[in-house]
Amino acid sequence: MTNDIKSIKTADFLLMFLLMGVSGNPAFARVGSFLHLITLLVIVLFYGKRISAEGLPNALKWSALFVVIFIGQYFTLKTVGFFASANYIFKVLIGLFAAYIFKEEFPIVYLRVMYVLCIIALALWALNNVGIVVPTFFHFENNLDSILVYSQRPRGYGGDGMLRNYGMFWEPGAFSGYILVAFFLYINRLDFLWKEHKKECIVLLIALISTFSTTGYIILGLMLFFFFSARVKNRFLFILVGSVVAVVAVRLFNTLDFLGEKVLMEYEAAVAMGQYDVSFSRFGALIFDLQYIKMHPIFGNGLLNETRYALHINFAKNLSAFGNGFSGEIAYFGIPFMVIYLLSVFRNPSLKKKWQLLLVLVLVLQGEYFMNFPLFFIFPFVMFFNETTNEPQFVVDQNE
C-alpha cells in the first residue's frame, strides 16, 4: 500500500456511528445517565493515541470554560446540577476528541455513515408508508419505537397526518439537521462533493425531503444558493438562475403547508404571547427564552429545571429541550458562551466559507437542541474539506 493512500478501518466507521448514536438516538439513551461518560472512556481507551497534540490543551480550555460557567451559576442561581454539569462537559469532550481523532477523514467518514443510515431509513420509511410496521426492539412512552438504526411513530402522530422520516433520531427535524451536517463539512467545496459523491448526495437529499422539516428545507435552499453562486461565474446567468430559484422558493413557501402557513401561524402566535404563556413553536420558544436570557445573560439559568424554567415551574417537566435550540442554549449558559462557540467555529483554520457556515449553523439550531449532544461540538475543531485535502480511499487494511 503506497504512502499516499490512507485506509479507513471498520473501527473508524464504528466510532462515527457511536458519535451519531450518542447524539440523539433514543435507543442509545437506554444505557442511562452514564452514557456519555462511558462513551468518553471508550474513546480515550481505544482511540486516545490518535488524538493530536492540540486536542488535550483544547479539551482543558473548554472544560475550564464550563467550570467557570457552572461556578458563576452557583453564585447567581444559588444551586447547580453537578452531575448534569459534568455530563455536559463529557458531551463536549466526545465531540472535540472525535474531531481530532478523525482529522481530515472526518467529512468522508461522516458522509459514508450517513449515506448508509439514509438508505436504511428510506427503505423502512417506505415500508411504513405502505402500511407495514417494522418490528422494533425499543418502545418509549411518547409513542416512539426504535430498532437502533431507525425510529418510527404511528401515522398522524402530532396531528399532522403525515408519515415523516425520523431516521434513527428522536425527531424528523433532528434527522434533517444531521443530514445537513454532511453538507456543512464540505461547505468549502460543495462543487467537489456533488462531482465526486453524486450518488451519496442524491440519497441524502431524498432522505432530507422525506423528513418534511421546515427548517431543513429552508437551509437546503440556502445550501443550493451557495452551491450555484460558487459555480456560476457569469453575472447575467447568476441573476437569471437566482431569480428562478427565488420564484420557485417563494412558490413552495406559499404552497406547502409545513413551510409558509406553518411559519406565519407560529409567528402570529408568538407575537400574541404574554409573559407567562408557553409556546412550543420556534418563534414562540424564542420569545419564551428571551425573558430567561434577560434574567441571567452572563452565566445563564443552568441545566436544572427549577432554575432554567423558574417562571414556569409548573410546566417544567414538559418544557425540557423544546422549541428553539439556539435561544434555549443561550438561556442555559448565557450570551458569552454562544459568542465563544460561534467565534471558535469562525476561527477554525480549515474553514474558508466562514460566514456561510455560521449562517446555516444558527439557522439549524433554531430547529432542535443540537448543542445538547456531542456532534455539534466538532465544528470548532474539525477539519473541513477543502481544495488541498486529499480524500482517503477505501481500502482493506491488512493489519486490522
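The values are calculated or read from the model by the stated rules, or taken from the named source; none is laboratory data. Computed from a prediction, not measured in an experiment: that's the story for all the values here. Cβ coordinates were reconstructed from backbone atoms using ideal geometry, including for glycine residues, and neighbour counts include every protein chain displayed. Heads up: the accessible areas ignore ligands, DNA and RNA and are worked out on the full protein's heavy atoms, side chains in. Shrake-Rupley method; radii C 1.70, N 1.55, O 1.52, S 1.80 Å.
Can you name the residue in region 2-35 that is modelled with pLDDT of 95 or more and of a type in the set (S, T, N, Q) and is also farthest from the chain's Cα centre (by Cα) among such residues?
Applying the filter and picking the extreme gives Asn25.
Could you grab the pairs with beta carbons closer than 6 Å, sequence gap of 6+ or different chains, first residue in region 73-102 and within 30 Å of Asp12 (Cβ to Cβ), second one surrounded by fewer than 17 Cβ atoms within 10 Å (Cβ to Cβ) and polar (S, T, N, Q)?
Ile89/Ser63; Tyr100/Ser52
Restricting to region 115-149, name every residue that is free of Cβ contacts under 8 Å to residues at least 12 places away in the same chain and farther than 12 Å from Ser210 by Cα.
Within region 115-149, Val116, Leu127, Val130, Gly131, Ile132, His139, Glu141, Asn142, Asp145 meet the criteria.
Among the residues in region 71-80, are any open to solvent by less than 70 Å² (accessible area, probe 1.4 Å), in a loop (DSSP other than H, G, I, E, B) and over 16 Å from Pro380 (Cα atoms)?
yes
Spot the failing condition for Glu387; the list is (1) modelled with pLDDT of 90 or more; (2) in contact with a Lys or Arg (Cβ under 7 Å, 6 or more places away or on another chain); (3) not in a helix (DSSP H, G or I), and only one is missed.
Result: Glu387 passes all but (1).
Show me the helices (runs of 4 or more DSSP H) found entirely inside region 324-373 where at least 2 residues are more than 28 Å from Gly72 (Cα to Cα).
Working: elements: 325-333, 335-346, 354-365.
The qualifying helices (runs of 4 or more DSSP H) are 354-365.
With in contact with a helix residue (DSSP H, G or I) (Cβ under 6 Å, 6 or more places away or on another chain) and within 21 Å of Glu171 (Cβ to Cβ) as the only criterion, which of Ser85, Ser23 stands out?
Ser23 is the lone residue from the list that is in contact with a helix residue (DSSP H, G or I) (Cβ under 6 Å, 6 or more places away or on another chain) and within 21 Å of Glu171 (Cβ to Cβ).
Would you mention how many residues in region 42-62 are farther than 17 Å from Gly334 by Cβ, open to solvent by less than 40 Å² (accessible area, probe 1.4 Å) and outside any loop (DSSP other than H, G, I, E, B)?
First, pick out the residues of region 42-62 that are farther than 17 Å from Gly334 by Cβ: 42-61.
Subset that is open to solvent by less than 40 Å² (accessible area, probe 1.4 Å): 43, 47-48, 51-52, 55, 58-59.
In the following step, the residues that additionally are outside any loop (DSSP other than H, G, I, E, B) were identified as 43, 47-48, 55, 58-59.
Here the count works out to 6.
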